[in-house]
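First the structure, in the form of structure tokens, and then the observations on it.
The values are calculated or read from the model by the stated rules, or taken from the named source; none is laboratory data. Because the structure is predicted, anything quoted here is derived from the model rather than measured. Heads up, the Cβs are rebuilt from the backbone with ideal geometry, glycines too, and the neighbour counts pull from every protein chain shown. Each accessible area value is taken on the protein alone, full model and side chains, heavy atoms only, with ligands, DNA and RNA left out. Shrake-Rupley method; radii C 1.70, N 1.55, O 1.52, S 1.80 Å.
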Amino acid sequence: MDREARVFAESHFRGLEGCLPRRVCPKLDRVDFIEKPDSFSYADFFKGYLLPNLPCVFSSAFTEGWGSRRLWVTPSGKPNFDYLLQNYGDVVVPVANCGVREYNSNPKEHMTLRDYISYWKEYIQGNYSSSRGCLYLKDWHLCRDSSAEGVFTLPIYFSSDWLNEYWDALDVDDYRFIYMGPTGTWSPFHADIFRSFSWSVNICGRKKWFFFPPGQEEALRDCHGSLPYDVTSPTLLDSRLHPMRDHCIPPLEVTQEAGEMVFVPSGWHHQVHNLEDTISINHNWVNGCNLANMWHFLQQELCAVQQEIIEWRDSMPDWHHHCQVIMKSCSGINFEEFYHFLKVVAERRLLLLANGMGPGEVEGGKGTRLGPQQAAFDIGRIAEVLESVVAHPDFQRVDTSAFSPRPEELLQQLEEAVAATTSL
């Protein structure tokens, strides 16, 4: 990030002060296609898509040097089963059954990649049908579980990735995934975890995406208040089941070709279908541009938990603590861990500024590219959100006596750093 982009971003967020995350539907009739890497800078992406929270598609030219596009794919453009078996055959992977609905998702099982590819070959030979159902390998943590060196190169546009920076620092998890499956596999209607951004690259195959801008999903709720499982289902046309359906604009539809890269903005609900045998690499990520969306989402999640067990509020000892425990079990994070997430990223940015790293240097993590302007912007965004966290009544009930630094102390450090970097 250069100074001009930072000033532009800070002005953007000053204009949003006191507002909830954007729920206004942008008037879009298409998703932009970015053709040439040489003529599209980080600042172009930051100003044109990341800040305004709009989707776009990058051409296959952006990923043509990736090892996975060369090694995981046959000359005819199909998955290279022999290479995958030779290199990853014994790895245990999660597999979802697309033919079985479990709430608004699919049940999962675990098997070796060898067994999954054996199923996949049989599925193709059976004219894309099997008594075992339509199985989709989803959420395989290749980077976490084994070496992914040479598989892909993190695009600079997505390099400010706090979510994976945090989990890398803890060395226990990540939000980098491999998906692969035959024609007809699909992901039901959803918005990404924590209202993160995501990006998805087709290593081979083709996908069909249905995008709904933030807020439009509300018009898709059924008469019981539930979101749809499948937005292509004819049941959505039944006005008795979906009384608000006519208020929803048509989705933005994107057909993603092999090698192309889709940017999924924060809070955009979407549904994805594999039109061919497909392998994709996908990351979820959070940074200063959608941090407020993540915090707003976590507050909503806690409210939902509290509402579910409200009848035990007076009779259950430590009711507020139990709400936080349930929230973490359901959402993967609670207010305490959110503070630690902010703290880890904040301390790394403060250290970067203290060490005076130059704009071209690399700061830790797996391919994270950060300079002082990016660090200063990040600190400002964390300070604004942390101020809201510290003031939240439910966070004030969290025992922070063992936190180091205490939340109020960290906030003061950040505010002092913001003041010191105004002329940077």
Which label in (1) 22.4; (2) 53.2; (3) 21.1 gives the computed mean projected area of the Cα convex hull in nm²: (1)
Round to the nearest 0.05 the FRET efficiency obtained for PHE8 and ALA61 when R0 = 22 Å and r is the Cβ-Cβ distance. 0.25
Of all the accessible heavy-atom surface of the chain, with the other protein chains kept in place and a 1.4 Å probe, what percent is carbon and sulfur? 50 percent
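At 1.4 Å probe size, with every protein chain present, just tell me what the per residue accessible area of the chain comes to in Å². Walk me through the intermediate numbers first.
Details: 19490 Å² over 424 residues.
Normalised by residue count, the accessible surface of the chain is 46 Å².
In whole percent, what relative contact order does region 290-421 give with Cα contacts below 8 Å and a gap of six or more residues?
Working: 100 pairs, mean separation 30.2, N = 132.
Taking the mean separation of contacting Cα pairs over the length of region 290-421, I get 23 percent.
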For region 210-263 and region 371-414, what is the separation of their Cα centres, given in Å? 36 Å
Given labels modelled 7 Å from the Cα in the Cβ direction, how far is it in nm from PHE33 to GLN412? 5.6 nm
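Would you mind calculating the gained length between GLU149 and ASP399 on full extension (0.36 nm times residue separation, minus the Cα-Cα distance), in nm to one decimal?
Extra length from GLU149 to ASP399 when fully extended: 85.9 nm.
Within the chain, which DSSP H helices have Cα atoms that stretch 15 Å or more along the helix axis and a mean Kyte-Doolittle hydropathy of at least 1.6?
Working: long enough: 3-14 (16 Å, -0.92); 113-125 (18 Å, -0.90); 291-308 (26 Å, -0.12); 319-331 (18 Å, -0.30); 335-355 (30 Å, 0.38); 372-391 (28 Å, 0.53); 407-420 (20 Å, -0.11).
Taking the DSSP H segments of the chain (at least 15 Å long, mean hydropathy at least 1.6), we get none.
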As straight-line cross-link partners of LYS121, the qualifying aspartates and glutamates (C-alpha separation under 16 Å, not fewer than 8 residues apart within one chain) are ASP82, GLU276, ASP277
